[in-house]
1. How far apart, in nm, are two points set 7 Å out from the Cα along the Cα-to-Cβ line at A:Val808 and at A:Gln824?
2. I'd like the GluC sites (Glu not before Pro) in region A:1-96 restricted to DSSP loop residues with at most 13 other Cβ atoms within 10 Å, sorted by number.
3. Is there a pair in A:Lys185/A:Lys567; A:Lys352/A:Lys381; A:Lys694/A:Lys791; A:Lys288/A:Lys628; A:Lys12/A:Lys567; A:Lys381/A:Lys416 whose C-alpha atoms are over 28 Å apart, and which pairs would that be?
4. Given a 1.4 angstrom probe, I'd like the percentage of the accessible area of region A:185-295 that is carbon and sulfur, rounded to a whole number.
5. Let me have the 222 nm mean residue ellipticity of chain A computed from DSSP H runs of 4+ only, each contributing -39500 (n - 2.57), with the sum over all residues rounded to the nearest 500.
6. Longer than 28 Å from Cα to Cα, which of A:Lys359/A:Lys411; A:Lys705/A:Lys818; A:Lys113/A:Lys736; A:Lys521/A:Lys551; A:Lys13/A:Lys71 are they? Say none if no pair is.
7. Please work out the Cα convex hull volume for chain A and give it in Å³ per residue.
8. Mind giving me the FRET efficiency for A:Lys352 and A:Gln670? R0 is 45 Å, r the Cβ-Cβ distance, nearest 0.05 is fine.
Amino acid sequence: MNVVYNPQSIEKKAQESWEHENLYQVTEDLSKEKFYCLSMFPYPSGKLHMGHVRNYTIGDVIARYQRMLGKNVLQPMGWDAFGLPAENAAMQNNIAPAAWTYSNIASMKQQLKQLGFAIDWSREIATCQPSYYRWEQWLFTKLFERGLIYRKTGTVNWDPIDQTVLANEQVIDGKGWRSGAVIEKREIPMYYFRITQYAEELLNDIDTLDHWPEQVKTMQRNWIGKSEGVTIHFPYTLDDQQAVLKVFTTRADTLMGVTYVAVAAEHPLASHAAQNNSELDAFIEECKRGSVAEADLAVQEKKGQFTGLYVQHPISGENIPVWVANYVLMSYGEGAVMAVPAHDERDFAFAKTYQLPIKQVISIENETFSADSWSEWYADKHRGVCINSESLNSLNHHQAIEKIAALLEEKKLGEKQTTFRLRDWGISRQRYWGCPIPIIHCNQCGDVTVPEEQLPVVLPEDVIPDGAGSPLAKLPSFYETTCPKCHQPAKRETDTMDTFVESSWYFARYACPDASQMIDKRADYWLAVDQYIGGIEHAILHLLYSRFFTKMMRDLNLVHVSEPFQKLLTQGMVTAPTFYRETPEGRKQWFNKTEVDISLDPKGRPISASLIADGNTVAMGGIEKMSKSKNNGVDPQTLIDTYGADTARLFIMFASPPEQSLEWSDSGVQGSHRFLKRLWSFATQHAALIRTQKEKPNAIPSSIKSWWREVQQVIQQTEKDYQRHQFNTVVSGGMKILNLLESLDLSIENNIYYLREGTNILLRILYPIVPHITYTLWEELNFKDSIVTQKSPQADPHALIQDEIDLVLQILGKTRDKITVPAQADSTYIESVVRDHATVAKFTEGRPIKRIVIVPGRLVNVVI
RNA sequence: GCCGAAGUGGUGGAACUGGUAGACGCGCCGGACUCAAAAUCCGGUGCCAGAAAUGGCGUGAGGGUUCGAGUCCCUCCUUCGGCACCA
């Protein structure tokens, strides 16, 4: 046994033996309880970053722990291989996205193997392979035939110089990232998944997700955004035609306070009015500038323009002016809103800007309304009653809505309606590196789905995009085809699918990666995923889409669960300090920590930094998420090469609990490494004694009774901590046991049994986190079988029993002393001890004791 | 702007259900070993006052509930994640 801890050699050996024995490959075994442990698959960007290492380490720890509980654990891995970065890399390096992607997969797979994850590699999938995406295309055709996919126009960012559609990410301050041109909104035809058809179920089933973080569930509920309201029709006459303008509102009780209505720039009424109104036309054009991102829209200045048109108030018949406003979203409700300046803050500000009337229709006792300035209570729907509203007067919010809805329904000018904030999911992308949409456009037959026997529609892999438009649209060999129905020449769809589509069902394909259909019955054994682990940034979109897909696949009888992920763990990000200098042009140049020298104050806090290259100062930019753009990443490969995979795993698990963000610390890494070295040298130093198999003493020797109880307490604690995924305290539990073992007096014969027992426990506690070193030591110390097949340690209840316990003595809630009482002492006994206690006498100073609060097993509080 | 989180020593974090705040590390200080350094080992370490015993203060800020609040409630501040074409 080598006395020096050499992670490189022991890790390589352990990994080779695991691979040789095929330890992590699993099959459906009905005799065992299954556990499907899934981490979000990576985008193959080139090499692993620290976020990946964290994600997959958490997954691996859970998978190995579940295995120790005797379960049949599936932990697969694959590649979310389609996406925009491959196209960017292609343009930069003149390499085809496919070649770039496959080479990235190879190197990242190599790195994952070095980290020693218990992955079943026989199930590996890459979404860019035709064998994967053909089933996505197949599903598309089925859903299209069922009407769950449809075509309509949608708004995209258009770069007028590059003549191409841009992703939101590629629009910076309203300008194209390459061309610098001001971006325009453009309407183009797209395919949509009818996710709104499942809105109600997606919302209701959130209640069944007992093991999801509450915050994620709340975010999903708000994203779906169910609201009960009333659709109100405002009649108007245009070119002698009778029509109605529909608006949706949750505040129908304020209908009598409407002083204008506002429509989105894209609303038909706006376009109509703009035909002979150049000022309005210019305004609508202005609204079309800038990105389509909602965050950008929400912060822009609220602007509007009168259309010159009027609609009639459905109750009073008054003329109501129609405005175009940039804050009205065409995609929500009817693309039009009724404005009640007196009781909506945004309408109030708008009315002030454009001198529109403000009419109070809600009042609250003891509050005075003033049209001069806004007060929070104007919008309070819980306390007010209607005024100035004819038959609604003195009714509250609910009563008024019921009454007005009935009134409108009778007049056929409105109806109660449930609306969702959730919109249908537009999946068309005018890009090359994605799954081709399996549609053929025929002049005779319209949109025809590609028949099953012609699938997959294979994406040519040797294309290098040039940044201008979609490469597929320039490839006649791809788009020229014949109609499957009439066999006339026809054009293949050249858009590809949103990459979120691939990641919405991959978890089901892992169950049967080689199936000759989309999903076969093996999925019934493995689904649902028992534990899903991934970044919090996916809390809404990816998770919602996966839930939606699961429900659609269930309705197609492909899977038999309604929810894909039973338990969800959302990991925090990995952060590190940043350093920068401002260039003369005012741009920030970021430096990596390896390029700078940091000076510390006497307490070890960083005070300044300088660039090693020139010795001049650089600014400290604070702690930020590790990213390429801030140049503050730490390469996991360097970490593995220097310290080994176990140190990397240990540090990441120890530095913070999985859901919190993790701050990188070089000295923290060294500390973790030091612990493993200590463990190794402790084991090698005492190897002979540990290997000695002593008889278990009949009773725990009284000299180490409390020592042994401490070990047992740690077992009890780490058991709980594993279950609640608080791995940082599992590690500190392991450190405590090593500290205890080092304090054990080995000159006492009886203690040798406890040395072996304690070491055995320690290795099993740490195994899921640092599998290589514990696997090796287990073998070296002649413990039974392999640690891979061991059970997780369990506390011995007898060893936990105490005869006497310490109670904290508080006086008026302040800790003053401790008292020792028999473990089964009752409150009468404790009270009598406390009344006679010197410390109590000292602090009460003769004042009478009013009350004695006793918390069993914990504390006594004397109230005076 | 909207939705969702987080703020605890010099520092990462612990405190599970309202019950001893600071476990376990890192750093720092002191010591041992060494010609010396590194590594390793031992001891100390929330802040203020004090030689010490001890006392006071202390979980972003301000209020509240409670015998008792890091934990529950209200208001505010700061930082972070998402906002539908980054993945």
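The values are calculated or read from the model by the stated rules, or taken from the named source; none is laboratory data. If you're wondering where the values come from, they're calculated on a predicted model, not measured in any experiment. Reconstructed Cβ throughout: ideal geometry from the backbone, glycine too, with neighbour counts over all protein chains shown. The protein model used for the area step is the full one, side chains on, heavy atoms only, and it has no ligands, DNA or RNA in it. Shrake-Rupley method; radii C 1.70, N 1.55, O 1.52, S 1.80 Å.
1. Calculated label separation equals 2.7 nm.
2. Details: sites: A:Glu11, A:Glu16, A:Glu19, A:Glu21, A:Glu28, A:Glu33, A:Glu87; in loops: A:Glu21, A:Glu28, A:Glu33.
Sites meeting the loop and neighbour criteria: A:Glu21, A:Glu33.
3. In this structure, A:Lys185/A:Lys567; A:Lys288/A:Lys628; A:Lys12/A:Lys567 lie more than 28 Å apart at Cα.
4. Whole-percent figure for carbon plus sulfur exposure: 45.
5. -10500 deg cm²/dmol
6. Flagged as over cut-off: A:Lys113/A:Lys736.
7. Values: hull volume 227.5 nm³, N = 864.
Output value, Cα hull per residue: 263 Å³.
8. After rounding, the FRET efficiency stands at 0.15.
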